[in-house]
Each structure stands twice: as structure tokens, then as C-alpha cells.
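Below is one structure; the comments refer to it alone.
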Amino acid sequence: MFKEAVYHRPKNNYAYAYDEKTIHIRLRTKKEDVESVQLIHGDPYNWADGHWQAEQKSMEKSGSDELFDYWFVTLKPPYRRLRYSFLLEDGKEQTVFTEKGFYDDVPLDDTAYHFCFPFLNSIDVFQAPSWVKDTIWYQIFPERFANGDSSLDPEGTLAWGSTKPTPTNFFGGDFQGVIDHLDHLEKLGINGIYFTPIFKAHSNHKYDTIDYMEIDPQFGDKETFRKLVKECHKRGIRVMLDAVFNHSGYYFEPFQDVLKNGIDSEYADWFHLREDKVVTEPLPNYDTFAYVSSMPKLNTENPEVKDYLLKVARYWIEEFDIDGWRLDVANEVDHAFWREFRQTVKEAKADAYILGEIWHDSMPWLQGDQFDAVMNYPFTNAVIDFFAKKKIGLEQFKNVLSHVQHMYPVSVNEVAFNLLDSHDTPRVLTYADGDKRAAQLMYLFQLSYEGTPCIYYGDEIGMTGGEDPGCRKCMIWDEEDQDEELFAFIQKLIRLRKSEPAFGNDGRFSFVDCGKNLLAYVKHSDEQSLLFLINPTSDSISIESSSSRVVDQDQQTTVNAEKAMVSPYGYLIVEKK
């Protein structure tokens with residue numbers, strides 16, 4: 001047995017409270033090394049005749065990645081406290097893994113040897129808003145979605161879609177344009193909108209905020225925004241805004257004062273100055289986002305800055321009834337600020353969604369005291385690399401996704417923000433080099449996976465675009481230029497996600513091995529078990545089928561009572577007996 005690979009640590013993603021009664025426990029072992037794992041567990045105070053009353057429960061293998069197997073078990077301790085160890089067998093050897101190491105014969109009556117989950121305190125349970133599990137998001141870059149009120153157009157605004165987007169041009173997108181096209185979103189089936197920044201800013205992307213309390217005039221006024229939120233809520237659509245609290249814009253009034261007065265400015269400590277006089281070129285002598293001199297980093301440890309930003313967080317919820325905040329460059333802001341931010345937001349609206357932009361392992365932010373979720377870029381990269389770029393094979397794809405699944409607790413995965421592209425990346429069809437079948441399979445996987453999926457505006461009608469600014473084209477509203485087939489396909493998947501219990505977030509996800517280069521996975525719910533078969537290859541693949549009902553099938557896929565044929569870039573979804 002390769003004991004060096006065995007790992008467990010209480011709390012975080014290896015032992016955590018799933019709800020007020022349930023504890024989830026995981027163990028990691030070397031891949032294909034251990035045949036079975038039993039959890040030895042009991043209440044630390046449950047003794048009889050001088051002996052600790054321990055029980056055993058089998059752990060199931062919940063997944064594997066390139067190097068490790070992961071084991072999982074659920075418990076409901078009657079008194080919400082637990083001591084436990086792991087009994088491992090590999091066919092040749094048996095050992096007990098404890099907090100103090102490995103033992104062939106662990107002294108069970110000495111509970112000091114065992115791992116400890118002291119008490120399941122309900123306040124410590126990770127709790128994200130329940131509505132997020134059932135939300136299909138739609139990301140809107142307001143400047144490029146629709147121009148509904150040309151009287152608001154900035155000087156030099158170009159005719160809609162008349163030329164390629166650049167970092168500096170404007171096309172006049174606004175709130176009225178969004179209101180005018182809510183029917184399109186409702187028809188598609190989405191029930192959440194994520195807006196990139198709407199606050200007063202100099203650029204077309206608005207990530208360089210001038211005033212966090214004011215809407216950019218090119219989008220409309222506060223009454224129009226209030227109307228937009230109400231119209232969305234009437235249709236069952238939640239609204240999430242983008243907050244840039246890591247840095248301000250160059251024309252943010254406090255920074256303008258610092259530019260003028262340097263270290264003598266009353267706002268000098270609002271930023272991270274390194275010299276008495278501010279220098280912007282060739283490189284800034286103050287902290288910024290990356291090295292962008294027009295985006296000075298805010299000092300969120302400063303009480304005045306903290307007070308200002310927390311007022312912003314509360315204001316847009318209380319005054320306009322927004323439903324969530326997406327937090328830009330969230331990992332560069334101190335944890336203490338985010339803890340206060342969460343308290344402020346949840347006081348204003350208990351079920352508001354807090355989403356952080358973090359591109360890497362985010363467990364430090366996902367322990368219930370800061371964010372509800374992060375943008376799941378490891379998921380994004382894996383799906384793009386497998387389906388679109390063909391950079392990784394089937395086994396590597398499964399390994400990567402399994403690793404991502406086990407990075408976080410189940411409760412975190414259920415509300416992870418799963419995107420395929422955004423305003424920061426090339427579009428799905430561009431990633432896929434125009435291969436619509438590959439794009440469709442990516443949407444199938446995204447919308448049947450766990451978590452809360454997001455569609456970037458225009459992807460549903462076949463828009464393309466490379467890296468920023470190419471991914472920020474004007475939305476195409478001429479129906480003759482829209483891909484109606486792709487729209488109908490995504491619409492169908494959303495409908496299945498809502499109508500089939502196991503398809504959406506009620507379903508528990510696990511990969512299965514069907515061989516033959518088929519991506520196969522099962523979604524289980526209390527009511528249903530669905531088998532998904534996706535063929536990303538150029539060959540037709542025939543498999544044995546034991547389905548009781550075909551839930552959905554590609555038009556190029558045939559099925560009969562005994563066998564299923566999955567065509568190239570085809571898929572089949574069956575309800576298992």
C-alpha cells in the first residue's frame with residue numbers, strides 16, 4: 001500500500017458539514033492502490049463497559065484523477081459530534097489511518113488517536129442561496145447588447161455592428177435595449193442576468209469606475225435601471241451586478257486628488273502609494289490592477305475606503321433590489337474585507353448571491369464566511385481543451401474534472417458558476433474553429449453538469465469572436481443572421497434541465513466507463529437516473545443499451561431496444577432502469 005499518498009484533514013473539502021445534520025467525509029489514496037475503505041466512527045462520549053462504541057461504514061469511491069482515488073461517505077451523527085479513522089485494505093495489507101498515523105492494530109478505546117469533528121454548529125454550515133441551484137445565467141456586456149435609446153449615445157457612437165469592436169469604440173448599448181429584448185431571454189429559458197459593470201466610468205467596458213454610486217449616463221438613469229430590475233423580476237429573472245472593489249478608475253475623484261496633491265492628499269491612504277509624488281508612466285509607482293496606471297488599487301484596509309465600498313454594496317441591493325454581486329479580481333482583496341462585505345450584503349438581502357472572480361483553487365474564499373461561489377475557470381478550461389481545442393484526451397478530461405469536483409465540498413459545487421466563455425475570452429464557436437457540433441456538445445455537458453451554468457450573450461445565436469475586444473461584438477438582432485438551430489438546441493437543453501429531475505442540480509454527477517472513446521456519465525436524483533453518452537470522435541459508436549426510456553437523442557443517433565448507435569459528435573440521453 002502506498003501510504004504516502006493517503007491524505008485526510010478535517011474541515012475544508014475533506015470533512016465538512018453539508019447541512020445542519022449531515023457530515024461529509026472524504027479520503028484520498030493512490031490511484032488503483034486501495035480496494036476498500038471502511039470508516040470507523042462514533043460519538044466520542046459513547047462508552048459502555050469501559051469501551052468506546054465505534055461502528056464501521058463503507059466508503060464509496062467517488063472519483064479518480066491522474067494520481068489519486070477519492071473516497072466518500074455521508075454520516076448523520078445523532079449528537080452532531082464525531083471521532084473517526086479509516087480502515088484501508090488493498091488485498092494484501094490492512095491498516096488503520098488515524099490522526100496520529102498508520103497502525104496495524106489501533107487502540108480503538110483511545111479516542112485521542114482518531115480524527116475529530118468536534119461539533120456540527122449550524123452557523124458554520126456553508127449556505128449559498130437555494131435559488132442559485134436552479135438558475136441559468138446569461139451574461140450581458142451592456143455596451144454591446146442593444147441600443148434602445150439613441151438619445152443617450154456617447155459622442156462618436158457608431159452605427160450598431162457597423163465595424164469591429166475596439167478597446168475604445170462605442171455602439172450605444174443601454175438598459176432600454178435590454179428591456180426591449182427580455183422576451184428573447186425568456187424564450188431561451190434563462191432566469192438570471194449577470195451584467196458587467198454599469199457604474200459611471202470612462203471606458204466602454206466600465207471596469208475603471210469613476211463613481212460607484214452612479215449609473216453611467218450612456219446606459220440610462222436610475223429609474224430606467226429600477227424598471228429593468230422590476231421587469232426582470234416579473235419574468236422570474238434574477239439580476240447580478242459586477243463590482244470592481246480591487247481598483248478604481250483613473251478619474252475616480254479621490255485618485256484625481258492624489259494625482260494633484262500626492263502624499264499630501266487627504267485620500268493618499270485610499271491607495272497604495274510608494275513615493276511622495278505620483279508617477280503614471282512608463283510604469284506607475286503605485287499599486288494597480290496588473291500594471292495598468294488607469295486602474296489604481298484601492299486600499300481596502302483603510303476604514304474610509306471600507307466604509308465607502310460597503311455602503312455601495314448595501315445601496316444597490318436596498319434601493320434597486322438586485323440579487324447578487326460578482327466581484328472582479330476578488331483574490332487580490334484582503335479576506336477581512338470580504339468577511340465584512342458578506343455580513344453587509346446578507347444583512348441587506350439574506351439570499352443575495354456573492355460570486356468571486358478567481359481563476360484558481362479558491363477554497364480559502366469558500367468556507368461560508370466570504371463567497372457563495374467562484375467563476376469555475378478550471379471547468380471552463382477542461383471543457384474547451386477537450387471538446388474544442390482537442391488538446392487533451394478523454395481520460396485526461398475526466399481526470400481534470402474529477403480533480404475539480406474534489407477540490408470543493410459538494411455544497412460548493414452545487415452553486416459553482418460554470419461558464420464556457422465570457423467578455424475576457426474567445427467565444428465558444430471561435431474556440432471550436434466554427435465546429436457547431438463541438439459547440440453543441442459543450443453546451444450539453446455544461447447544462448447537464450452540476451453547478452449553475454452561464455451563457456455569454458449572443459452565443460445562443462452563433463456569434464463568434466476572438467480575444468478581447470473581438471469577443472465583445474454587438475449582439476446580432478437580425479433574425480436572418482441568427483443561427484436558429486443553435487438557439488433551439490440550447491433552448492431544448494434548458495428545458496430538459498428544468499423538466500428532468502436528474503438533468504439539473506438535483507442530479508448527483510459521476511463518470512462511468514463505457515470504453516470506445518465515449519464520454520459517459522450518470523446523473524442520479526431521488527426520482528431518476530440518467531445516462532449521458534457523448535461521442536466527441538469522428539466515428540460512429542455502437543453500444544449495448546439497457547435503457548427504459550430515451551429522454552432525448554440527436555437526430556443522427558438511432559436507438560432500439562438492445563443497442564444504441566451514437567454518431568460522430570452525437571449524443572444520447574437515456575433513463576436507466
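If LEU486 passes every condition in (1) over 27 Å from ASN399 (Cα atoms); (2) touching a residue at least 60 places away in the same chain (Cβ under 8 Å); (3) assigned to a helix (DSSP H, G or I) but one, which one does it miss?
Only one criterion in (1) over 27 Å from ASN399 (Cα atoms); (2) touching a residue at least 60 places away in the same chain (Cβ under 8 Å); (3) assigned to a helix (DSSP H, G or I) is unmet by LEU486, namely (2).
What number of residues in the range 366-406 are over 22 Å from ASP334 (Cα atoms) and either within 16 Å of the chain's Cα centre (by Cα) or β-branched (Val, Ile, Thr) (or both)? Don't jump to the end; show me each part of the working.
Keep residues of the range 366-406 that are over 22 Å from ASP334 (Cα atoms), which gives 378-406.
After this cut, where a residue has to be either within 16 Å of the chain's Cα centre (by Cα) or β-branched (Val, Ile, Thr) (or both) as well, the list is 378-384, 392, 400-406.
Residues that pass the stated criteria total 15.
Has the range 41-50 got at least one residue that is touching a Gly at 6+ places or on another chain (Cβ under 9 Å), at negative phi, surrounded by fewer than 18 Cβ atoms within 10 Å (Cβ to Cβ) and not hydroxyl-bearing (Ser, Thr, Tyr)? Before the answer, list the steps.
First pass over the range 41-50, keeping only residues touching a Gly at 6+ places or on another chain (Cβ under 9 Å): none.
Within the range 41-50 (the criterion being touching a Gly at 6+ places or on another chain (Cβ under 9 Å), at negative phi, surrounded by fewer than 18 Cβ atoms within 10 Å (Cβ to Cβ) and not hydroxyl-bearing (Ser, Thr, Tyr)), the answer is no, since none of the residues qualifies.
Okay, residues lined up against (1) touching a Ser or Thr at 6+ places or on another chain (Cβ under 7 Å); (2) in contact (Cβ under 8 Å) with a residue 40 or more places away in the chain:
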| residue | (1), (2) |
| --- | --- |
| ALA48 | no, no |
| ALA54 | no, yes |
| PRO77 | no, yes |
| THR98 | yes, no |
| ASP109 | no, yes |
| PHE126 | yes, yes |
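Could you list, in sequence order, all residues of the range 462-474 that are in a loop (DSSP other than H, G, I, E, B) and within 19 Å of SER203 (Cα to Cα)? If you could, list the steps in order and put the result at the bottom.
Here is the first cut: in the range 462-474, the residues in a loop (DSSP other than H, G, I, E, B) are 462-469, 473-474.
Answer for the range 462-474, where residues must be in a loop (DSSP other than H, G, I, E, B) and within 19 Å of SER203 (Cα to Cα): GLU467, ASP468, PRO469, LYS473, CYS474.
How many residues, within the range 313-327, are over 22 Å from ASN191 (Cα atoms) and either buried (at least 18 other Cβ atoms within 10 Å of the Cβ) or at pLDDT below 95 (or both)?
We begin by selecting, within the range 313-327, every residue over 22 Å from ASN191 (Cα atoms); these are 313-315.
The next check asks that each one be either buried (at least 18 other Cβ atoms within 10 Å of the Cβ) or at pLDDT below 95 (or both); those that pass are 313.
Selection size over the range 313-327: 1.
For the range 490-558, which fully contained strands (runs of 3 or more DSSP E) count at least 3 residues that are closer than 28 Å to TYR70 by Cα and open to solvent by less than 20 Å² (accessible area, probe 1.4 Å)? Spell out how you get there, then give the answer.
Working: elements: 508-512, 519-524, 529-534, 541-544, 547-553.
In the range 490-558, the matching strands (runs of 3 or more DSSP E) lie at 519-524, 529-534.
Can you pull out the residues in the range 137-174 that are of a type in the set (Phe, Trp, Tyr), under 27 Å from the mean Cα position of the chain (by Cα) and part of a loop (DSSP other than H, G, I, E, B)? If you could, list the steps in order and put the result at the bottom.
First pass over the range 137-174, keeping only residues of a type in the set (Phe, Trp, Tyr): 137-138, 141, 145, 160, 170-171.
Checking which are under 27 Å from the mean Cα position of the chain (by Cα) leaves us with 137-138, 141, 145.
Scanning the range 137-174 gives PHE141, PHE145.
Taking the range 296-325 as the region of interest, how many residues are under 23 Å from VAL239 (Cβ atoms) and among the charged types (D, E, K, R)?
6
Can you tell me which of (1) closer than 20 Å to SER64 by Cβ; (2) surrounded by 20 or more Cβ atoms within 10 Å (Cβ to Cβ) is the one MET475 doesn't meet?
Every listed condition holds for MET475 apart from (1).
Restricting attention to the range 261-303, and to residues there that are in a strand (DSSP E or B) and open to solvent by less than 20 Å² (accessible area, probe 1.4 Å), which single residue is farthest from ASN246 (Cα to Cα)?
Of the range 261-303, the ones in a strand (DSSP E or B) are 271, 273, 286, 288, 296-298.
Checking the rest, the ones that are also open to solvent by less than 20 Å² (accessible area, probe 1.4 Å) come to 271, 286, 288, 296, 298.
On the way: PHE271: 10, TYR286: 14, THR288: 9, PRO296: 9, LEU298: 6 Å.
Residue satisfying both the conditions and the ranking: TYR286.
Please enumerate the residues belonging to the range 97-124 that are part of a strand (DSSP E or B) and of a type in the set (Val, Ile, Thr).
Initial filter on the range 97-124 (part of a strand (DSSP E or B)): 97-98, 101-103, 115-117.
If the condition is that a residue be part of a strand (DSSP E or B) and of a type in the set (Val, Ile, Thr), then THR98 is the only one that fits.
Just checking: which of the strands (runs of 3 or more DSSP E) contained wholly in the range 1-96 hold 2 or more residues that are not small (Gly, Ala, Ser)?
Once the strands (runs of 3 or more DSSP E) in the range 1-96 are filtered for at least 2 residues that are not small (Gly, Ala, Ser), what remains is 23-30, 36-42, 55-58, 60-64, 68-75, 82-89.
Looking at LYS100, LYS61 in this structure, which one is farther than 28 Å from MET240 by Cβ, at pLDDT 95 or above and basic (Lys, Arg)?
The unique qualifying residue is LYS61.
Here is a yes/no grid of residues against (1) over 26 Å from the mean Cα position of the chain (by Cα); (2) closer than 28 Å to ASP351 by Cα; (3) modelled with pLDDT of 95 or more:
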{"residue": "GLY220", "(1), (2), (3)": "yes, yes, yes"}
{"residue": "LYS234", "(1), (2), (3)": "no, yes, yes"}
{"residue": "ASP257", "(1), (2), (3)": "yes, no, yes"}
{"residue": "PHE271", "(1), (2), (3)": "yes, no, yes"}
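Would you say ILE123 is open to solvent by less than 70 Å² (accessible area, probe 1.4 Å) and under 24 Å from VAL345 (Cα atoms)?
Working: open to solvent by less than 70 Å² (accessible area, probe 1.4 Å): no; under 24 Å from VAL345 (Cα atoms): yes.
So ILE123 does not fit the description; no.
Looking only at the range 340-395, count how many residues are open to solvent by 10 Å² or more (accessible area, probe 1.4 Å), among the charged types (D, E, K, R), outside any helix (DSSP H, G or I) and touching a residue at least 12 places away in the same chain (Cβ under 8 Å).
The qualifying residues number 6.
Could you list all residues from the range 81-113 that are open to solvent by 50 Å² or more (accessible area, probe 1.4 Å), out of contact with any His (no Cβ under 9 Å at 6 or more places or on another chain) and among the hydrophobic types (A, V, I, L, M, F, W, C)?
Listed by number, the residues that qualify are PHE102, ALA112.
Spot the failing condition for TYR18; the list is (1) touching a helix residue (DSSP H, G or I) at 6+ places or on another chain (Cβ under 6 Å); (2) surrounded by fewer than 15 Cβ atoms within 10 Å (Cβ to Cβ), and only one is missed.
Of (1) touching a helix residue (DSSP H, G or I) at 6+ places or on another chain (Cβ under 6 Å); (2) surrounded by fewer than 15 Cβ atoms within 10 Å (Cβ to Cβ), only one is false for TYR18: (2).
Within the range 186-199, identify whether any single residue is among the hydroxyl-bearing types (Ser, Thr, Tyr), closer than 30 Å to GLU253 by Cβ and either in contact (Cβ under 8 Å) with a residue 24 or more places away in the chain or open to solvent by 50 Å² or more (accessible area, probe 1.4 Å) (or both), and answer yes or no. Write out each step before concluding.
Of the residues in the range 186-199, the ones among the hydroxyl-bearing types (Ser, Thr, Tyr) are 194, 196.
Now drop any that are not closer than 30 Å to GLU253 by Cβ, which leaves 194, 196.
Imposing the further condition that a residue be either in contact (Cβ under 8 Å) with a residue 24 or more places away in the chain or open to solvent by 50 Å² or more (accessible area, probe 1.4 Å) (or both) reduces the set to 194, 196.
Checking the range 186-199: at least one residue is among the hydroxyl-bearing types (Ser, Thr, Tyr), closer than 30 Å to GLU253 by Cβ and either in contact (Cβ under 8 Å) with a residue 24 or more places away in the chain or open to solvent by 50 Å² or more (accessible area, probe 1.4 Å) (or both).
Those residues that are closer than 21 Å to ARG437 by Cα and either in contact with a Phe, Trp or Tyr (Cβ under 9 Å, 6 or more places away or on another chain) or among the β-branched types (Val, Ile, Thr) (or both), I need them from the range 504-522; list them, please.
LEU519, ALA520, TYR521
If ALA54 satisfies all but one of (1) buried (at least 16 other Cβ atoms within 10 Å of the Cβ); (2) under 31 Å from the mean Cα position of the chain (by Cα); (3) small (Gly, Ala, Ser), what's the number of the condition it fails?
Going through the list (1) buried (at least 16 other Cβ atoms within 10 Å of the Cβ); (2) under 31 Å from the mean Cα position of the chain (by Cα); (3) small (Gly, Ala, Ser), ALA54 breaks only (2).
Out of curiosity, is PHE68 touching a strand residue (DSSP E or B) at 6+ places or on another chain (Cβ under 6 Å), of a type outside the set (Lys, Arg) and open to solvent by 80 Å² or more (accessible area, probe 1.4 Å)?
Values: touching a strand residue (DSSP E or B) at 6+ places or on another chain (Cβ under 6 Å): yes; of a type outside the set (Lys, Arg): yes; open to solvent by 80 Å² or more (accessible area, probe 1.4 Å): no.
It is false that PHE68 is touching a strand residue (DSSP E or B) at 6+ places or on another chain (Cβ under 6 Å), of a type outside the set (Lys, Arg) and open to solvent by 80 Å² or more (accessible area, probe 1.4 Å).
Tally up the residues in the range 459-472 that are of a type in the set (Asp, Glu) and open to solvent by 20 Å² or more (accessible area, probe 1.4 Å), please. Give the derivation first.
Of the range 459-472, the ones of a type in the set (Asp, Glu) are 459-460, 467-468.
Still in the running and open to solvent by 20 Å² or more (accessible area, probe 1.4 Å): 467-468.
Number satisfying all stated conditions: 2.
Across the range 213-236, what is the number of residues that are buried (at least 21 other Cβ atoms within 10 Å of the Cβ) and part of a loop (DSSP other than H, G, I, E, B)?
4
Between GLY465, GLY504, which is in contact with a Lys or Arg (Cβ under 6 Å, 6 or more places away or on another chain), at pLDDT below 95 and under 26 Å from TYR431 (Cα atoms)?
Numbers: GLY465 fails: at pLDDT below 95.
Result of the check over GLY465, GLY504: GLY504.
In the range 489-544, which residues are on the phi > 0 side of the Ramachandran plot and free of Cβ contacts under 8 Å to residues at least 40 places away in the same chain? I'd like the intermediate steps shown before the answer.
We begin by selecting, within the range 489-544, every residue on the phi > 0 side of the Ramachandran plot; these are 515-517.
Within the range 489-544, GLY515, LYS516 qualify.
The values are calculated or read from the model by the stated rules, or taken from the named source; none is laboratory data. Computed from a predicted structure; not experimentally measured. All Cβ positions, glycine included, derive from the backbone under ideal geometry; neighbour counts span all protein chains shown. We work out accessible area using only protein heavy atoms, side chains counted, and drop any ligands, DNA or RNA first. Shrake-Rupley method; radii C 1.70, N 1.55, O 1.52, S 1.80 Å.
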